[in-house]
């Protein structure tokens, strides 16, 4: 307990003695993590907007002309039981013809030229969110196409591909950003701790000559790094939270309809940012104190 | 207590110790002397594992230093007290904290640290300067803080490298009196010095280091 108090006492004394360097380190970490946090916020909003948009995406299943009523009912039951399908809507060829006639209005007489109803009966299937990607949607369409009584299945393949490309690009950029910021956080703390370590080299040599283990000499530096990273992360969380709250309030005041679309980051993200800051900073400190020989 | 047998130590091309042997008993008070550059400090450094021996056998009590693993060195050092030539005091810590540091390394409790540090500071007559930082003390006082720090953990062996080198004769006498008191409590004391006044008439064994080895041994 007393040793633990010594570690923390030494670490916080050093934080105070080297307050300007520490403050700069905290600010660097804070800025880095704030950029990451802001990017996450934007990605999160675009993602939720796209999810809302693709919510209506579905497959259109065209049925054979000579399909019987029982076969149609069987198909409907099969689609309703399918866990990949959220909603099933059936439109018979008669209903489809009526809809066309209504939409054509006075020009509906042109439909009288057809001796038989040329329109097929269709099922409109809304898929679950996990299948809203090109590969899964194609596989589902292929499997439905093989069912007896189904003549064709269509879906917005190109549209879905574009959305997927946007989403994948955003994710790649996010990973790149996160990696770059993690590395810069590690490097910033690494440099700061290395400077402190060299400044206190004589002290460390003395400690070692008095019988201190490496752990005893290094732990205050690790606590210092951990603290600096945690403070940087907490400041960044607070900054982004305040900024996003103020901005979204302003945007909603200006365009109330956007209130449905704007999504705040989940609270867990704001809690995890200080942990990320502390972890990255601790890693930087570990590398710094581990590499120096004395 | 201390045993050196055919010890060799070389720095790059310069041979410092060669075929150097000596034996010291538990509870003994002895001196090592010799001209500047003879290897007195190196011999002490070998004894507190600041340097590694190239060849030969060197042991302190049960610890065989030429076979000691790096990770074991800190635990060995906790058994000895060292009075460094350059003091090695920490100027960002008070006198009390400097002395307490040894006990913190030993992971002692706060109450025991307080008692032991106060007691040793009283012995070296520096209790009234506990809260002062070392840079505000005289050379003699700084040396007494170093002795207090070396003694506070009650080590089995005390090594002192030129402990009176920068002190006037009054302060030197005080320091030597402290070493004698420490020795009477059972601690083995080995002092490296080139000051003849310290060992002549002391009645203690004096090892003469010359030509890279102990070439003479007298009673001072």
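The values are calculated or read from the model by the stated rules, or taken from the named source; none is laboratory data. This structure is a prediction, so every number in the text was calculated from the model and none was measured. So basically every Cβ, Gly included, is an ideal-geometry build from the backbone, and we count neighbours across all protein chains shown.
With respect to residue A:186, determine if the residue is assigned to a helix (DSSP H, G or I), touching a residue at least 40 places away in the same chain (Cβ under 8 Å) and buried (at least 20 other Cβ atoms within 10 Å of the Cβ).
Yes: the conditions hold for residue A:186.
Exactly one condition in (1) assigned to a helix (DSSP H, G or I); (2) under 30 Å from residue B:106 (Cβ atoms) is not met by residue A:211; state its number.
(1)
Out of all the residues in region A:37-50, is one or more more than 34 Å from the chain's Cα centre (by Cα), surrounded by 13 or more Cβ atoms within 10 Å (Cβ to Cβ) and more than 30 Å from residue A:224 (Cβ to Cβ)?
No, region A:37-50 has no match at all.
Filter region A:63-81 down to the residues that are without any contact (Cβ under 8 Å) to a residue 40 or more places away in the chain and in a loop (DSSP other than H, G, I, E, B), then identify the one that is surrounded by the most Cβ atoms within 10 Å (Cβ to Cβ).
This residue is A:68.
Quick one: is residue B:127 surrounded by fewer than 19 Cβ atoms within 10 Å (Cβ to Cβ), more than 9 Å from chain A (Cβ to nearest Cβ) and over 16 Å from residue B:175 (Cβ atoms)? Walk me through it before giving the result.
Numbers: surrounded by fewer than 19 Cβ atoms within 10 Å (Cβ to Cβ): yes; more than 9 Å from chain A (Cβ to nearest Cβ): yes; over 16 Å from residue B:175 (Cβ atoms): yes.
When the stated conditions are applied, residue B:127 passes them.
In region B:140-150, which residues are more than 14 Å from residue B:104 (Cα to Cα) and in contact with a strand residue (DSSP E or B) (Cβ under 9 Å, 6 or more places away or on another chain)?
Listed by number, the residues that qualify are B:143, B:146, B:147.
For region A:90-107, state whether one or more residues are under 39 Å from the mean Cα position of the chain (by Cα) and outside the structural domain of residue A:173 (by TED's automatic domain parsing).
Yes, region A:90-107 contains at least one residue that is under 39 Å from the mean Cα position of the chain (by Cα) and outside the structural domain of residue A:173 (by TED's automatic domain parsing).
Please enumerate the residues belonging to region B:90-111 that are more than 8 Å from every other protein chain (Cβ to nearest Cβ) and either touching a residue at least 60 places away in the same chain (Cβ under 8 Å) or farther than 25 Å from residue B:27 by Cβ (or both). Show your work before the answer.
In the first step, residues of region B:90-111 are kept if they are more than 8 Å from every other protein chain (Cβ to nearest Cβ); the result is B:91, B:93-100, B:103, B:111.
Within region B:90-111, B:91, B:93, B:94, B:95, B:96, B:97, B:98, B:100, B:111 qualify.
Can you name the condition, by its number, that residue A:252 falls short on among (1) surrounded by fewer than 20 Cβ atoms within 10 Å (Cβ to Cβ); (2) part of a helix (DSSP H, G or I); (3) in contact (Cβ under 8 Å) with a residue 12 or more places away in the chain; (4) touching a helix residue (DSSP H, G or I) at 6+ places or on another chain (Cβ under 6 Å)?
For residue A:252, the exception is condition (3).
Only one of (1) part of a helix (DSSP H, G or I); (2) in contact with a strand residue (DSSP E or B) (Cβ under 6 Å, 6 or more places away or on another chain) is not met by residue A:151, so which one is it?
Going through the list (1) part of a helix (DSSP H, G or I); (2) in contact with a strand residue (DSSP E or B) (Cβ under 6 Å, 6 or more places away or on another chain), residue A:151 breaks only (1).
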